[in-house]
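The values are calculated or read from the model by the stated rules, or taken from the named source; none is laboratory data. From a predicted model like this one, the values you see are computed outputs, not experimental measurements. In this analysis, Cβ positions are derived from the backbone assuming ideal geometry, glycine residues included, and neighbour counts consider all displayed protein chains.
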């Protein structure tokens, strides 16, 4: 933490950035911090409770953040992939952000718990994560953590769903999605849901029913999953933000598996690597087109 705080103070005092977006202790656990001076920079922390993907604050729609000036962002490997996604899709210019990469050994499934990080307490997505040290950074801080691995409960559940009949899967997702209130928390927390006006909000024409009706709920989650195909960095924020605990990670993980199988694509922190959406290859198999 000392290394991180000293770096943040230097960036601010030298005028290289106007704000450092990182983490601090809050009254209910770790929360985002927008440090604009040395005193605030001294509150910066990073540990296994820092689950939030701060790349969402680089969204140009967040005017209150943009007004603070050029930012530096404290970013885990999955967060850096989100920044790369914004660069890839021309939502951000590389010279407009300073990336402070932090080496990460995983985060807690329950960041408010007092448990230590381990195979049984870490977030499911971290159990299969191959990246401990992010690329695309201006500065890199923190020691290299030990690799803590475990079995993925999501992958086991996806395999279970794949073995079901279509009717059984439909029944499962009907039950899960029936709790959705269309609060759009999943959209608001996602760093790659950045459209000025989401198609779910359009009324002329209305593509998706806005009320929490089964048709509108299904359409919303299907379209969001398709829009994130090949783009989702598996940060888990959508599922964490869901107030009714819908297992959205099952959807995004399954889509990622399909994209990897069909297009040999995995989200990366290299913004020069194109994503499947928005690109075309003449050798695409297209076996699903009848």
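For residue 285, indicate whether it is exposed (fewer than 12 other Cβ atoms within 10 Å of the Cβ) and either in contact (Cβ under 8 Å) with a residue 12 or more places away in the chain or outside any loop (DSSP other than H, G, I, E, B) (or both). Spelling it out, residue 285 is indeed exposed (fewer than 12 other Cβ atoms within 10 Å of the Cβ) and either in contact (Cβ under 8 Å) with a residue 12 or more places away in the chain or outside any loop (DSSP other than H, G, I, E, B) (or both). Scanning segment 113-134 for residues that are under 30 Å from residue 66 (Cβ atoms) and either touching a strand residue (DSSP E or B) at 6+ places or on another chain (Cβ under 6 Å) or in a helix (DSSP H, G or I) (or both) yields a total of 2. Just one of (1) under 13 Å from the mean Cα position of the chain (by Cα); (2) in a loop (DSSP other than H, G, I, E, B); (3) modelled with pLDDT of 95 or more fails for residue 238. It is (2). Read through the list (1) surrounded by fewer than 23 Cβ atoms within 10 Å (Cβ to Cβ); (2) modelled with pLDDT of 95 or more; (3) within 18 Å of residue 8 (Cα to Cα), then give the number of the only condition that residue 80 fails. Only one criterion is unmet by residue 80, namely (1). Any idea which of (1) in a loop (DSSP other than H, G, I, E, B); (2) surrounded by 14 or more Cβ atoms within 10 Å (Cβ to Cβ); (3) modelled with pLDDT under 95 is the one residue 137 doesn't satisfy? Every listed condition holds for residue 137 apart from (3). On inspection, residue 92 passes the criterion of being outside the structural domain of residue 238 (by TED's automatic domain parsing), crowded, with 17+ Cβ neighbours inside 10 Å and either closer than 24 Å to residue 231 by Cβ or out of contact with any strand residue (DSSP E or B) (no Cβ under 8 Å at 6 or more places or on another chain) (or both).
Within segment 154-172, count every residue that is assigned to a helix (DSSP H, G or I) and surrounded by fewer than 17 Cβ atoms within 10 Å (Cβ to Cβ).
The total comes to 13.
Each residue in segment 3-62 was checked for being touching a helix residue (DSSP H, G or I) at 6+ places or on another chain (Cβ under 9 Å), in a loop (DSSP other than H, G, I, E, B), more than 21 Å from residue 107 (Cβ to Cβ) and touching a residue at least 12 places away in the same chain (Cβ under 8 Å), and 8 of them qualify. For first residues located in segment 157-179 and closer than 15 Å to residue 216 by Cβ, partners that are surrounded by 12 or more Cβ atoms within 10 Å (Cβ to Cβ) and lie 6+ apart or on another chain with Cβ distances below 7 Å form the pairs 177/217; 177/218; 177/221; 177/246; 179/244; 179/246.
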